[in-house]
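> Sending over a structure as structure tokens; questions will come in a sec.
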Amino acid sequence: MKRRHMLGALAASALLPGTARAQAEAQAALGPMNLLVAGPDGGLTSRWGSALALAMANAFPGTPNIVAEPVGGLDGVTGANRLDALMVPDGRSAAILPGAALIAYLIGDSRVHFDPTHWTPLLTGCKSGVLMLRAPNGTVPTLNTLQKMAPLRIGAAQPQSDDLAALLALARLGISTAPVFGLHSSEDKTRAFIAGTVDSVFICGEGVPEDLTPLTASGAVPAFCIGAPGPDGTAGPDPLFPGLALPTALGPAVSPFLESAYEAAAAAARLDFLLVLPRLSDPGAVAQWRSAAQDAAATPALSAAAQASSITLQPSSVLTIALAALSIVPAEQPDLLGFLAKNYGWQPG
């Protein structure tokens, strides 16, 4: 730690009472804390990481500098690998990752060498996902509507994306699809819908309400949403789309496998970012980080950023249940990979 930084921290600690001053001096002596950011500098996860690092620092004794360190690409796989392989559970290092890393884990990306079910949850940012449909006469879509449109032409990026939740939601209902892959952004999907090359698109991410506007203007209607986690972590109505049904409300699952596969994919797709500690972190450090994360989420700046992005900040309990949904992977991943290969000709990279 640079001498001037240590002196600044120690000078500030002189104003604190005895116990707090001792904690602050200890923090200053240890130097800055670390936040591993699974994603490139300037990306969405990086921007959330920088904001959280700044907001959380005030909740630790001595207000230490929390250094956000971007690592790897947008899908977060490289950063997640580093979290599992190299991050020491010393209580001074946390990580923030995009939900895309969980999709990569779920479908067996060959680069994945991490297990998110072992991470210690702190905070998460939840996003919306809505399937938009070219329904006859603009009517409210039902299971019967979807069945009559099968095979449904759905615009998607690839199975290894948030679109997996929509593909499995439809498969769960027994709706056959004819995906048009390669549409990686909301703009790509909207253009394809307007051009008539697809009849449905799944819009998921930050700013979903704004992204639906041009689709609605072009005659698309919402068929279902993947919902939002409630206080107990289970999926319920999305507060941004309160009257929109979940796919589980449209009809029963055609198989137990597709039920659990959909739930896992939806749990991953709902997460815009997740803030975690490595496994085996000390309970005292976990409590301190969770308190800091909750304090940060309540700050006006972070609350305003979340609202502007149509993101809901949720506590560790919600993230715990979301990660638990991925526990199907060891037993059911082979079936899922077989399903993706058979129906979409897809193999994990």
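> Conditions first: (1) touching a Ser or Thr at 6+ places or on another chain (Cβ under 6 Å); (2) part of a helix (DSSP H, G or I); (3) of a type outside the set (Lys, Arg). ILE203 passes all but one, so which condition is the exception?
Result: ILE203 fails condition (2) only.
> Oh, and also: Give the residue, chosen from ALA94, ALA85, ALA135, ALA150, that is touching a strand residue (DSSP E or B) at 6+ places or on another chain (Cβ under 8 Å) and surrounded by fewer than 18 Cβ atoms within 10 Å (Cβ to Cβ). It would help to see each step written out before you state the result.
Working: ALA94 fails: surrounded by fewer than 18 Cβ atoms within 10 Å (Cβ to Cβ); ALA85 fails: touching a strand residue (DSSP E or B) at 6+ places or on another chain (Cβ under 8 Å); ALA135 fails: surrounded by fewer than 18 Cβ atoms within 10 Å (Cβ to Cβ).
So the residue among ALA94, ALA85, ALA135, ALA150 that is touching a strand residue (DSSP E or B) at 6+ places or on another chain (Cβ under 8 Å) and surrounded by fewer than 18 Cβ atoms within 10 Å (Cβ to Cβ) is ALA150.
> Between GLY73, GLY31, GLY43, which is under 16 Å from the mean Cα position of the chain (by Cα) and surrounded by fewer than 17 Cβ atoms within 10 Å (Cβ to Cβ)?
On the way: GLY31 fails: under 16 Å from the mean Cα position of the chain (by Cα); GLY43 fails: surrounded by fewer than 17 Cβ atoms within 10 Å (Cβ to Cβ).
The unique qualifying residue is GLY73.
> Consider the stretch 213-235. How many of its residues are surrounded by 21 or more Cβ atoms within 10 Å (Cβ to Cβ) and in a helix (DSSP H, G or I)?
Looking only at that region, the number is 1.
> I need the full set of residues from the stretch 33-80 which are among the polar types (S, T, N, Q) and at negative phi, in order please.
Step one: filter the stretch 33-80 for residues among the polar types (S, T, N, Q), giving 34, 45-46, 50, 58, 63, 65, 78.
Those that are among the polar types (S, T, N, Q) and at negative phi: ASN34, THR45, SER46, SER50, ASN58, ASN65, THR78.
> Another question about this same structure. Just need a number here: residues in the stretch 170-187 that are loosely packed, with under 15 Cβ neighbours inside 10 Å and either outside the structural domain of THR213 (by TED's automatic domain parsing) or in a helix (DSSP H, G or I) (or both).
Applying the first criterion (loosely packed, with under 15 Cβ neighbours inside 10 Å) to the stretch 170-187 yields 176, 178, 182, 184-185, 187.
Add one more test, that the residue is either outside the structural domain of THR213 (by TED's automatic domain parsing) or in a helix (DSSP H, G or I) (or both), and what stays is 187.
Here the count works out to 1.
> Please go through the stretch 216-244 and give me each residue that is of a type in the set (Gly, Ala, Ser), touching a strand residue (DSSP E or B) at 6+ places or on another chain (Cβ under 8 Å) and over 19 Å from THR312 (Cα atoms), ordered by number. Quick ask: steps written out before the conclusion?
Taking the stretch 216-244 and keeping what is of a type in the set (Gly, Ala, Ser), we get 217-220, 223, 227-228, 230, 233, 235-236, 243.
Right, trim to touching a strand residue (DSSP E or B) at 6+ places or on another chain (Cβ under 8 Å) and you get 220, 223, 227-228, 230, 235-236.
Hits for the stretch 216-244 are ALA220, ALA223.
> If you go through the stretch 309-349 one residue at a time, how many are among the aliphatic types (A, V, I, L, M), out of contact with any Phe, Trp or Tyr (no Cβ under 8 Å at 6 or more places or on another chain) and under 20 Å from LEU274 (Cβ atoms)?
Residues in the stretch 309-349 being among the aliphatic types (A, V, I, L, M), out of contact with any Phe, Trp or Tyr (no Cβ under 8 Å at 6 or more places or on another chain) and under 20 Å from LEU274 (Cβ atoms): 9 in total.
The values are calculated or read from the model by the stated rules, or taken from the named source; none is laboratory data. Nothing here was measured: the structure is a model prediction, and the numbers come from that model. Note that we place each Cβ from the backbone using ideal geometry, even for glycine, and neighbour counts take in every protein chain shown.
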